[in-house]
Amino acid sequence: MGKKYLVRYERNSCIGAGVCVVMDDKSFEMNTDGKADLKAGKKSSAYFEKEIDESELDEAMKAAEGCPVRVIHIVEKDTGKQLI
Ligand code: SF4
């Protein structure tokens, strides 16, 4: 079984550049308020979060790296290690 990862998205700080949607339209879509939404993301106090598996990691990493304000983070679920 492959590793699991968590995508954490600080939506409050999104500036609506839309890069994440271009890089990973499985996880991100633009909302009419001009910010991106994390599809199927669960809201916690500070961010939205969802679990992805290894097959989705590349695209999620590209979205996180492409975000100009770096509000998308990826964490290894088992270790809690933050990849970005
Ligand atoms: S790339 Fe970053 S700033 Fe742009 S829409 Fe996505 S989360 Fe928001």
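Pairs Lys3/Lys26; Lys50/Lys77; Lys26/Lys81; Lys3/Lys35; Lys26/Lys77; Lys35/Lys81: which exceed 21 Å Cα-Cα?
Numbers: Lys3/Lys26 18 Å; Lys50/Lys77 11 Å; Lys26/Lys81 23 Å; Lys3/Lys35 29 Å; Lys26/Lys77 19 Å; Lys35/Lys81 27 Å.
Flagged as over cut-off: Lys26/Lys81; Lys3/Lys35; Lys35/Lys81.
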Peptides ranked, highest mean first, by Cβ atoms within 10 Å: ranges 72-81, 23-32: 23-32, 72-81
Net charge dipole size for segment 4-76 [Lys, Arg +1 and Asp, Glu -1 on Cβ; Debye, nearest 20]: 340 debye
Projected label distance in nm at Ser45 and Met30, using a 7 Å step from Cα toward the beta-carbon: 3.3 nm
Leading residue at positive end of dipole, segment 6-83 (Cβ point charges), from Val22, Ile72, Met61: Ile72
Amide N of segment 1-32 lying under 11 Å from the label point, which is placed 7 angstrom from the Cα of Ser55 along Cα→Cβ: 2
Accessible surface, per residue, of the chain when the full set of protein chains is kept, probe 1.4 Å, Å²: 59 Å²
In Hz, Karplus ³J(HN,Hα) per residue of segment 44-49 (6.51, -1.76, 1.60; θ = phi - 60°; x = Gly, Pro): 10, 4, 9, 7, 9, 9
Accessible area of Asp33 in the full protein assembly, 1.4 Å probe (Å², nearest 10): 90 Å²
Cut-off under 5 Å, modelled amide H: who pairs with Ala36 long-range: Gly16, Asn31
For the chain, the Rg and Dmax computed from alpha carbons only, in angstrom: 11.7, 38
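The values are calculated or read from the model by the stated rules, or taken from the named source; none is laboratory data. Bear in mind the structure is a predicted one, so any value in this text is a computation, not a measurement. Here Cβ is always computed from backbone atoms with ideal geometry, including for glycine, and neighbour counts include all displayed protein chains. Surface accessibility is based on the protein's heavy atoms, side chains included, excluding ligands, DNA and RNA. Shrake-Rupley method; radii C 1.70, N 1.55, O 1.52, S 1.80 Å.
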